[in-house]
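Here's the structure we're looking at; comments come further down.
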Amino acid sequence: MTEEVTVPVVVVMGVSGCGKSTVGRLLAEALQVEYAEGDDFHPVENIAKMAAGVPLTDADRAPWLDIVAAWLGQRQGHGGVVSCSALKHSYRDRLRVAAPETFFVHLAASRDELAQRMAARRGHFMPSSLLDSQLAALEELSADERGIAVDATRAPAELVREAMAAWETRPDA
């Protein structure tokens with residue numbers, strides 16, 4: 001018999017500039033669970049590489065994804081929200097190894113919208129020049145993944161409400 005999961009473990013995902021940190025914090029607050037900023041788990045080498053405008057490889061991302069996965073695994077049963085690009089299906093598979101019940105909230109927006117947002121923000125290590133490489137790597141959620149894609153151009157509070165409703169009405173609930 002499977003135990004019903006009542007407190008979600010959520011990854012707020014998408015490319016840089018989509019609003020992962022903002023929505024992630026608000027969602028964690030609404031769910032009354034811990035929030036973690038996925039960028040904080042990156043090794044300094046990854047941050048330096050991205051800051052220099054060099055896209056990360058799958059090999060670069062692997063240790064980072066393992067750290068995020070471990071955090072998710074520790075939150076199973078307690079709930080938690082982490083912002084993490086989780087661009088590829090294989091990356092999300094890697095996260096689910098430690099936390100099989102993970103629910104993904106993909107914040108989607110057009111390239112133009114994302115570029116405008118990235119150009120307007122200050123103090124972030126990720127340069128706008130990496131947007132295209134992230135969009136090229138992005139794989140939409142597939143039917144075998146628990147989650148929802150939402151329009152990131154809407155107000156963050158609306159996105160939180162939509163994510164919570166999707167969690168509450170998921171097919172395995």
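Enter the angle in degrees (range 0 to 90, nearest 10) between the Cα long axis of helix 58-75 and the first principal axis of the Cα atoms of the chain, meaning the one along which they spread out most. That works out to roughly 30 degrees.
Note on Asp172 and Ala48: with the Förster distance fixed at 45 Å, the Cβ-Cβ geometry gives a FRET efficiency of about 0.65. For the charge dipole of the chain, defined by +1 on Lys and Arg C-beta atoms and -1 on Asp and Glu C-beta atoms about the Cα centroid, which residue among Gln74, Val105, Ala155 has the Cα displaced farthest towards the positive pole? The one lying farthest along the dipole's positive direction is Ala155.
The long axis of helix 89-98 is offset from the longest Cα principal axis of the chain by roughly 50 degrees.
Using just the alpha carbons, could you tell me how many Å³ per residue the convex hull of the range 1-94 encloses? Could you put the intermediate results ahead of the total?
Details: hull volume 9.4 nm³, N = 94.
Here the figure is 100 Å³ per residue.
The charge dipole of the chain, taken about its Cα centre with unit charges on the Cβ atoms of Lys, Arg (+1), Asp and Glu (-1) only, comes to about 440 debye. Full extension of the chain between Glu37 and Gln116 yields a length gain of 26.2 nm, computed as 0.36 nm times the residue separation minus the alpha carbon distance.
Can you give the calculated 222 nm mean residue ellipticity of the chain, where each DSSP H run of n ≥ 4 adds -39,500 (n - 2.57) and the sum is split over every residue, rounded to the nearest 500 deg cm²/dmol?
Details: 7 runs with 78 residues, N = 173.
That comes out to -13500 deg cm²/dmol.
Calculate how steeply helix 156-168 sits against the longest principal axis of the alpha-carbon atoms of the chain, using the helix alpha-carbon long axis, and give the answer as 0 to 90 degrees to the nearest 10. Roughly 40 degrees, rounded to the nearest 10. For the chain, how big is the tail of P(r) above 23 Å, as a whole percent of Cα pairs? It works out to 35 percent of all Cα pairs.
Read the figures in this text as sums done on the coordinates, not as results from a lab. Since we're looking at a predicted model, the values are computed, not measured. Note: ideal-geometry Cβ built from the backbone for every residue, glycine included; neighbour counts use all protein chains shown.
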